[in-house]
Structures are given as structure tokens and as C-alpha cells.
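The structure under discussion appears below in the form of C-alpha cells.
Just so it is clear, none of the values below were taken in a lab; they were calculated from the coordinates. Because the structure is a prediction, the values reported are computed rather than measured. Here Cβ is always computed from backbone atoms with ideal geometry, including for glycine, and neighbour counts include all displayed protein chains.
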Ligand SMILES: [Zn+2]
């Protein structure tokens, strides 16, 4: 497989998913010690790792290589799509509009360099139905759904991001969202997997991150427990089997007054906690005194995706919850920690992908810009404070005015003024 993917499902919004799979390049079947049995062609059901929809899979599964050896087909070249199952490689190229850089078409080249197939992505109409048909046909395509890398999905609900790991063991959620969103999130998950929800990791105790804990715990099953087996175990133990809720200990402390069925069941109090789930190492990393005193970010090591919680928010200035132990320096330390973990693709966009608590999918370059912005604003406000300016004077001086167009807010729960006040109050 040449590439892995990132996928986003957009819920409760009509926005298109902009970041998409890039198919271009050379694709090849993977053969290991099973070469004598598998050659020619990849394992059944594996179309070079290229994601295919249900209709295409049905078509592909009913195809038989004997078809092309029938006498009446002897003069047909192998179609381009044969390469998805054939013994050799597959090449895909794309053409972009020179001005807009939007994709005009993808071209699939066949195994034997014949019958190339062009998939037009620019919305052009099909030729007349009465026109002579060619072997290669006329194909149009459009993007549906979103992006995925490895097992990891980004679910965006009302501007908040929920990260999903979906795989053989089941489903893991980073953040549960508001309780009211649970049915919507469950139906999105059911489109991806029929396996149980195994665990939720809360990146903080906010209601829009941990509010759905109880709902997912109730319908889930703990990591490592099978369906029937876990029911048996639960019957013996006299307890309902529930999904695990992981969080930093301070999240549990914050939720102590909330109903117990939404409490984290597996907490940690040192630098990090480790899991191995869906064939990959998952690191839960604590960042002290940042958005709150209980922040975690979650790194999916094999998929190379980092879910940051509210340490990083592309929609506004970082939210510093002073009542819950947040500080500006903790935010900056957290952003630098993200930069330590992420690795960009060589001289280009991409590399480790970063899912912020709120906002759009990012890579390291986006975090660098944001870290610089926050650091510059910290320095300005710090200088003003050191020079004896009061909070009111600092707010009146508008130290954030060059960034306000992008990150500022004059209404809502997190205004520019509240941000300046939080920085001023924690340096
Ligand atoms: Zn948040």
C-alpha cells in the first residue's frame, strides 16, 4: 500500500470533507511467505488496500479471471481495473486544473499498459447515451464521506472533534461529546463497525468532551472482554459490562459531583498511560496546567495521528480554564509537546496528522503557526504587565488585534477579552 488515509465524517453539518485520500502513485499487492499460494494476485478481498465502496466490492467479488479467457473475449485487452486483482502493479495519476489546482481527473493504467481508465472528477456530463461505447468506458467520480488514516476517523460534531479508532477489537473514542449527541455518534459509528464500543478517553472534564461518558459506557463492553463471555463474567460478578472510561485523575475529581455512571473507570496520575488497542500502541499523555489541570492528548502511534483535546483549537484563542487549573504557560508547553511528537512529511504538508479539540484537521505546520501566535501574544501581554499596566489597560491596548480577525470573538463563551484576562492572570 502506498499510502494510508485519514477520514472525517461530518455530522450535523453540510460542509464537504475537504481533505481526502490521494490515490496517485504505484500500488502493489503485498506478498509475504504465502507467495506460492497467492500469486498471481493479492489476497481475496484485498484490492491493493484501495478503499472501495460496497457496490464495487460486490462487483469485484463476483468477478472471475476465467471471464477474460473465454474464446469470445480473446481479443479484449485486460481492463485497467484488472490491476486491482492482477499479479502486477497498478499506477494511478491525476490531472489538476492549472489555475485552481482542483482535481480534473484520475487515470488508472492497466497492467499491460492498455485500456487506461479516466475518472472525471470535474462534474462534466456523460456523452450522449447513443454515442458508441468504448471498452474503457466513460467514468465520472465524486468524493463521498471523508478521510481515514489507518484505523483512525475524525468525527466532527458541531465544531467539536471526536476521534475514533475502529478495528478488530472494536471502537475507541477520544472524547464522548455532549450526552445529547450520543445517538447521532452511535449511528455514525455503526456505519463504520458492528463491533462493540470498548472505551472512551476523556481529554478533559468539560461537558462537551465528557458529557456522553455514561451513554457510551452503558452500551459498550470493556477492552479485552468478548460479547457473550463478558456477559457471563458480568453475571457472575453481578455487574453490568460497561465500556472503560480513561482519563487523568483530575477529570474524575472534577466529575465527582456528576452521576457516577459517567465517571472515568481507569484513571492515571503520572505523565502518561499506555494502551494497545486495534493493533496499535495508544499513548495517553498528560499535559499539566494547560486548558485545565486534567488534560490528556492521545497519540495513535501506528496510524500516526495525534488527538489533542483542547490544548489546540483552530477556531479561536486557546481556552484557559483558570478555575480548573489552566495556565497560558501550560498551553504553550502543550503546543510544544505536540510539535515534539509530530513529524512532517519531507518539505511538504502532511506527516503526523493532528486532530484538534475544536476545528479542522491539521498537520505540524498548522500547530507551529498556532504555537507562534500564542507565544507572541503571551510575550506582549507579559511585557505590558511587567511595565506595570493593569488588566484594563492591557485590554484597552488590544494586544491581540492583528490576530483577532482569525481567532478573536466578541461574544460567546470565550471572548478575546476573556483570553487576554486569562493570560494576564496566569503569567
Ligand atoms: Zn472543548
Just to verify a result, which residue in region 304-335, among those that are under 17 Å from residue 283 (Cα atoms) and not in a strand (DSSP E or B), is nearest to the ligand (Cβ to nearest atom)? 334
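Against the condition in contact (Cβ under 8 Å) with a residue 40 or more places away in the chain and either within 16 Å of the ligand (Cβ to nearest atom) or over 26 Å from residue 421 (Cα atoms) (or both), how does residue 381 come out, does it pass? Break it down into steps so the answer makes sense when it comes.
On the way: in contact (Cβ under 8 Å) with a residue 40 or more places away in the chain: yes; either within 16 Å of the ligand (Cβ to nearest atom) or over 26 Å from residue 421 (Cα atoms) (or both): no.
Judged against the criteria, residue 381 is not a match.
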Look at residue 321 and say whether it is closer than 24 Å to residue 378 by Cα, surrounded by fewer than 23 Cβ atoms within 10 Å (Cβ to Cβ) and in contact with a strand residue (DSSP E or B) (Cβ under 9 Å, 6 or more places away or on another chain). yes
Across region 289-303, the tally of residues that are in a loop (DSSP other than H, G, I, E, B) and under 26 Å from residue 403 (Cα atoms) stands at 4
If I filter region 341-360 for residues that are within 16 Å of the ligand (Cβ to nearest atom), assigned to a loop (DSSP other than H, G, I, E, B) and in contact (Cβ under 8 Å) with a residue 12 or more places away in the chain, do I get at least one hit? yes
